[in-house]
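Before any comments, here is the structure.
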2 protein chains.
Amino acid sequence: MKPERPRKRSNLRDVAKAAGVSVATVSRVLNAPQTVTPKTREKVEAAIRELRFVPSAAARAINSGRTRFVGALVPTLDNAIFAKFLAALEQKLGQSNLSLVVATTGNDPKIEAEKAQGLMNIGAEGLVLSGIHHDPTLYELIERTQVPAIATSYYAPQYDLPTIGYDNVLTSETAMKYLVGLGHTDIAVVHGQSDTNDRTRARLAGVANVTNAKVRYYNNGLSLMDGRVAAREIIKADVRPTAILCLSDVIAMGVLFELQRHGISVPDDISLMGMDDLPGASNVYPALTTVHLPVSRMGEAAAVAIAGWVEDREVPEHRLFEPTLMERESTARRS
Amino acid sequence: MKPERPRKRSNLRDVAKAAGVSVATVSRVLNAPQTVTPKTREKVEAAIRELRFVPSAAARAINSGRTRFVGALVPTLDNAIFAKFLAALEQKLGQSNLSLVVATTGNDPKIEAEKAQGLMNIGAEGLVLSGIHHDPTLYELIERTQVPAIATSYYAPQYDLPTIGYDNVLTSETAMKYLVGLGHTDIAVVHGQSDTNDRTRARLAGVANVTNAKVRYYNNGLSLMDGRVAAREIIKADVRPTAILCLSDVIAMGVLFELQRHGISVPDDISLMGMDDLPGASNVYPALTTVHLPVSRMGEAAAVAIAGWVEDREVPEHRLFEPTLMERESTARRS
DNA sequence: GAGCTTGATGAAACTGGTTACATCTGTCAA
DNA sequence: TTGACAGATGTAACCAGTTTCATCAAGCTC
C-alpha cells in the first residue's frame, strides 16, 4: 500500500526544470525567499512539494564548509555524571545551532582515538574530550586536522588543549580534610580504575596530600555493585575504619546500601562520604555528604567554548570550576 | 608560538599539484592505495603530510550519498533508562560504522519536531524516536523526506512506523497483578506526567485493567525528588495504602528513601514496587521488586533495525520485548 | 523619449571529492 | 616484429548545492 519509492531523490535542477526557472532561483527560494517575486516563488514551492525535494545536507556543507555538529567523547553513559554533562552540553550547543554526536570510549584510549577519527570522518567541526590522558594517535589527529578540541572534567592550565574542568586534586583533598577535621584518622578510600582514568589518579593524589590520617585503599570499579563489594571488604577488617571516602557518588551509594544491608548505621557506626554530588546523593537516606562538582555548568561552559572556537575561531581560555563541600547527613564527628 | 594557521585548508587539487600527479591518483592513494605504484604513492603521501591535507567529509558524502550517522530523539538524558538505551544504541550502531547524534526533547513534541528537522538539516540518515506520540510536523517531515524512522520503548504493531519496544500496558498490569496476588487491595500508584508521555499513559491503562484493588493516584514527575514528595503525601493519609507501585524505578527509589527517612519499614510496614529495573533497583536496600525491561537489548535491536533500513533498505518488523517480574525484597504479603 | 536606477532572473563558475573512460607504457606470446 | 593485454595514470564529467556577475525589464526623472 505504500506509495512507490520515487526512483531517485530529486535535486535542485529537477526542481528548476519543473518550475521553469533556473537553479539559482530555486536556491534563492530556499535561502532568501524575499528576493524572489511571490509569483515565481509559489511556482518553485509547488515544484518542491510536487517532487518531494529535500536539499542535500552534504551539498550545503561542501559550500559553507560547515557541518554544524561537534563530537563528544565520554567514557560511558552509564554513570549519571556523564549523562548530566552531555545533557548540559547538548542543550547549550543547541543555542548556537550546533548538534552533538556522542561517542563512548569505555575508558580505552585506543577506542577513543578510533572513535575520534570516526567523528572527523563524518565531518565533526570540533571535539570535546574527557580528561587529559589520551592516545598519541588522537593528539596526532588533532594536530593534523587542526580541529578545535577541548578537554573537560579536568583543569590543567599548562595542557596543550584548552581545559574546562575541576582541580581534581583539590576536590579529594577537600573531602579528606573535612573528614580529618571531624576527627577521623583511619579512612577507607574507595576508587575506580586509576590506570586509565586521569581524574581518578588526580583524586588519589589529592588523598595522598593529606598525610595526617591512615588511609586504606579499595579499588573496585565505578559501579554500585563495585561499591557494595568494597563495603563487604571494609567491614571484614579486624579494626574497621571510622570513615569511608568514595571517589564517586555512585560508589558511595553502593557502599551505603551494603552497609545498610549489614545493619551498620551511617553515620553512627561509620561516616561515609562521596564525590560529584549526583542527584541521588541528596536524596538517599541518610543524605550523602559529598563534594559538589558543577557538572552542568561545566557542560554549558564547554559548549560555549567549543561553539566560540568553531564559529568565530576564538580559542577558549582554560576554565576552572570550584568544588563545594556539601555537608549532609552521612558524616559525623568521630565518636 | 603556535604555527600560523595556513590561510586555507588544502584540497585534492593542491595535493595533486604539489605531488605532480592528477587528482585521480591522489584519490586512489586515499581509497585504493594498492592500485598506485609505491613510488607515486609515497610522493603523494608526502604531499598530503606536507600540506596537512584532510579529505572533506562533506565532499565525500555528496558522492556517496551517505553521511553515516543517525539521530536519536530522547526526552532526557537525566533518567538512566534513556542513558542505558542510548549507550546500547550507540554501541551497536558502531558495529555498522554508524555514528549517533543525540537530541533531547524534554518531552515536548514541538521541540522534538524542531530537533528532528535540525537532524535532517545536518544530514541524518535515519531517526530513532521515543514513544509513538509525536507532533504532526514530525510525521510530515518523515513523510516528506522519506527518512527511515523507528519508534522505540513502545510496541504498537498497527503504528505507521516500525516500533521496537514493550507492551507498556502489560508491564504495569503484571506489577499490579503481582501486588494483588500478595493480598494488597489498597494500592498507591505514583507516576509522572501522562499528558505528554504515551508510555506513562499506557502504564496507567494497565493499572486500570486490574480492577480488584482500590487505587490512589499520585502524579509528581519522574525524579527522585518527585518520589519523595509523593511519599510524604502517601503517609499523610488517614488510612495508608498497604502497597505502593511506582511506574518508574527512579520514582520508587525516591519513595523508598523518604519512607526510610520517616522510619517506615519496607516491606514490613508497606510494600514498594518499581518499574524498569534500573541498575539502582537491585542494589538499594531493600532490593526493589520491579518489572525488568530489557532496555539494552531494545537499544541494540533498535540499532540493528535502523542500520538495516539505512544500509540495505530493509524496512524492519515491529519487535516486542517481554517484561519480566523481578521479585526482590521490597514487597511482602499483606500482613 | 533618453538616461538612470532598481529589482528579478539566469548562465556559468565554483565547492572538493569520486569515477568512467581514455591514454600511455611495458611485457609477453605468436 | 607485431599484436594483445595488463597496469598505471590522466582528463574530464559528475555529485548537488551556492554565488558571482551579466542581463533584462520596469519604473522613475528630467
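Of the residues making up the range A:285-335, those that are on the phi > 0 side of the Ramachandran plot and touching a helix residue (DSSP H, G or I) at 6+ places or on another chain (Cβ under 9 Å) number 0. Condition check: at the interface with another protein chain (Cβ under 7 Å from one of its Cβ atoms), over 13 Å from B:Leu119 (Cα atoms) and either surrounded by fewer than 22 Cβ atoms within 10 Å (Cβ to Cβ) or not charged (D, E, K, R) (or both). Does B:Ala88 satisfy that? No: the conditions fail for B:Ala88.
Being touching a strand residue (DSSP E or B) at 6+ places or on another chain (Cβ under 6 Å) and part of a helix (DSSP H, G or I) holds for only one residue in B:Ile132, B:Ile142, B:Ile164, and it is B:Ile142.
Take the conditions surrounded by fewer than 18 Cβ atoms within 10 Å (Cβ to Cβ), under 19 Å from B:Asp276 (Cβ atoms) and at the interface with another protein chain (Cβ under 8 Å from one of its Cβ atoms) and apply them to B:Thr104. Does it pass?
So B:Thr104 does not fit the description; no.
Number of residues in the range A:271-288 that are within 16 Å of A:Phe82 (Cα to Cα) and more than 7 Å from chain B (Cβ to nearest Cβ) equals 5.
Whether a residue is near DNA strand C (Cβ under 9 Å from one of its atoms) and either out of contact with any helix residue (DSSP H, G or I) (no Cβ under 8 Å at 6 or more places or on another chain) or over 30 Å from A:Gly280 (Cβ atoms) (or both) was assessed, and A:Ala47 does not pass this test. Taken over the range A:18-41, the residue count meeting the criterion of being over 28 Å from A:Phe69 (Cβ atoms) and more than 10 Å from DNA strand C (Cβ to nearest atom) is 1.
Residues that are under 42 Å from the mean Cα position of the chain (by Cα) and either near DNA strand D (Cβ under 6 Å from one of its atoms) or within 14 Å of chain B (Cβ to nearest Cβ) (or both) within the range A:17-35 comprise A:Ser27, A:Leu30, A:Asn31, listed in sequence order. Is it the case that A:Glu42 is surrounded by fewer than 18 Cβ atoms within 10 Å (Cβ to Cβ), more than 11 Å from DNA strand D (Cβ to nearest atom) and among the acidic types (Asp, Glu)? Yes, satisfied.
Okay, residues lined up against (1) over 18 Å from the mean Cα position of the chain (by Cα); (2) assigned by TED's automatic domain parsing to the domain that holds A:Lys110; (3) hydroxyl-bearing (Ser, Thr, Tyr); (4) farther than 27 Å from A:Arg297 by Cβ:
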| position | (1), (2), (3), (4) |
| --- | --- |
| A:Tyr154 | no, yes, yes, no |
| A:Thr174 | yes, no, yes, no |
| A:Tyr178 | yes, no, yes, no |
| A:Asp186 | yes, no, no, yes |
| A:Val190 | yes, no, no, no |
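When B:Met225, B:Met253 are checked against the criterion of being buried (at least 23 other Cβ atoms within 10 Å of the Cβ) and under 29 Å from A:Ala281 (Cβ atoms), a single residue qualifies: B:Met253. One residue alone among A:Ile270, A:Ile235 is within 25 Å of A:Ser194 (Cβ to Cβ), at pLDDT 95 or above, touching a His at 6+ places or on another chain (Cβ under 9 Å) and open to solvent by less than 30 Å² (accessible area, probe 1.4 Å), and that residue is A:Ile235. Apart from one condition, B:Thr211 fits all of (1) more than 14 Å from chain A (Cβ to nearest Cβ); (2) surrounded by fewer than 15 Cβ atoms within 10 Å (Cβ to Cβ); (3) under 30 Å from A:Ser10 (Cβ atoms); the exception is (3). One residue alone among B:Pro316, B:Pro294, B:Pro286 is surrounded by 16 or more Cβ atoms within 10 Å (Cβ to Cβ), touching a Gly at 6+ places or on another chain (Cβ under 8 Å) and of a type outside the set (S, T, N, Q), and that residue is B:Pro316.
Residues of the range B:56-69 being open to solvent by less than 50 Å² (accessible area, probe 1.4 Å) and within 12 Å of DNA strand C (Cβ to nearest atom), which ones? Matches in the range B:56-69: B:Ser56, B:Ala57, B:Ala58, B:Ala59, B:Ala61.
The values are calculated or read from the model by the stated rules, or taken from the named source; none is laboratory data. As the structure is a computational prediction, the values presented were derived from the model and not from experiment. Cβ coordinates were reconstructed from backbone atoms using ideal geometry, including for glycine residues, and neighbour counts include every protein chain displayed. When the accessible area is computed, the model is the full protein with side chains, heavy atoms only, and any ligands, DNA or RNA have been set aside. Shrake-Rupley method; radii C 1.70, N 1.55, O 1.52, S 1.80 Å.
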